[in-house]
Amino acid sequence: ASNQTLKDALVAKFTKIPLIRNFAKVTVKLATTVEGFQLQGYTLINVPTSGTVVPYNTEEGEFESYNTAGTGLDYAALKANHYNGFMPAGVKYNTTVPATVTNTSALYTYESKARDEDNTALIVYGTYTADNGTKTSGYYKVDFLTSDDKYYDILRNLHYEVTINNVLGAGYPTAAAAAAAAAGNNISASTDTKNL
């Protein structure tokens, strides 16, 4: 066989290997209709401090087989296949809330199952301009909620894109105050999931 034939055969084999990342990606954007708000940063809270390199169930000692077709699946398909994410045994969560929030690029986190409380959430920092022109910088908490108000499982290999649709008022004075409050008091947002 020629070198080119061998190369073509190898390329064909390697293009059939699906890439399964061990992280989820999170980004935030403003809807085009949002006025009077300038996004200055965002961060994640209540995120796992560790994860598995591949989808591996540490409780049953088995690899997840939801992806046998070799193609990426979206959130709905993963849930239909009863995949909620796998966590390492004894996983801990980083509950520290930073004093300042200035990141505006993509964030990455290990996957995490929705829990009864302290779910992974987003802290958004921005400047709100009231109708009278007064500008106030503040922090807002955004939960990752589905259209039927259930918490998303944060799953590997998915992109969670949060769109801020409306800002109704000034945020909390500190990120810690926003983290302790109910989400969405002065901000409305929607989350869309996309396969990476």
Selected from VAL53, VAL167, VAL124 as most flexible by GNM, with the chain as the system and alpha-carbon contacts under 10 Å: VAL53
How big is the charge dipole of region 101-140 about its Cα centre, in debye rounded to the nearest 20, if each Lys and Arg gets +1 on its Cβ and each Asp and Glu gets -1 on its Cβ? 160 debye
Carbon plus sulfur, as percent of the 1.4 Å-probe accessible area of the chain, comes to 50 percent
Cβ-Cβ FRET estimate between VAL91 and LYS150, R0 fixed at 25 Å, reported to 0.05: 0.75
Could you identify which residue out of ILE154, ILE20, ILE123 has the top mean-square fluctuation in a GNM of the chain using Cα springs shorter than 10 Å? ILE20
Between region 23-39 and region 143-196, what is the separation of their alpha carbon centroids in Å? 10 Å
What FRET efficiency comes out for ALA176 versus ALA77 if R0 is 45 angstrom and r is the Cβ-Cβ distance? Round to the nearest 0.05. 0.75
Stretch gain in nm, segment ASN185-GLU59, where the contour uses 0.36 nm per residue and the Cα spacing is subtracted: 41.5 nm
Which residue fluctuates the most in the chain, going by a Gaussian network model with Cα springs under 10 Å, if the choices are THR146, THR32, THR136? THR32
Please report the relative contact order for the chain, taking Cα pairs under 8 Å with a sequence separation of at least 6, and give it as a percent rounded to a whole number. 29 percent
Accessible area per residue, Å², the chain with all protein chains present, probe 1.4 Å: 56 Å²
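The values are calculated or read from the model by the stated rules, or taken from the named source; none is laboratory data. Not measured: the values here are computed from a predicted model. Here the Cβ is made from the backbone with ideal geometry for all residues, glycine too, and neighbour counts use every protein chain on show. Just the protein is used for accessible areas: all its heavy atoms, side chains included, with ligands, DNA and RNA removed. Shrake-Rupley method; radii C 1.70, N 1.55, O 1.52, S 1.80 Å.
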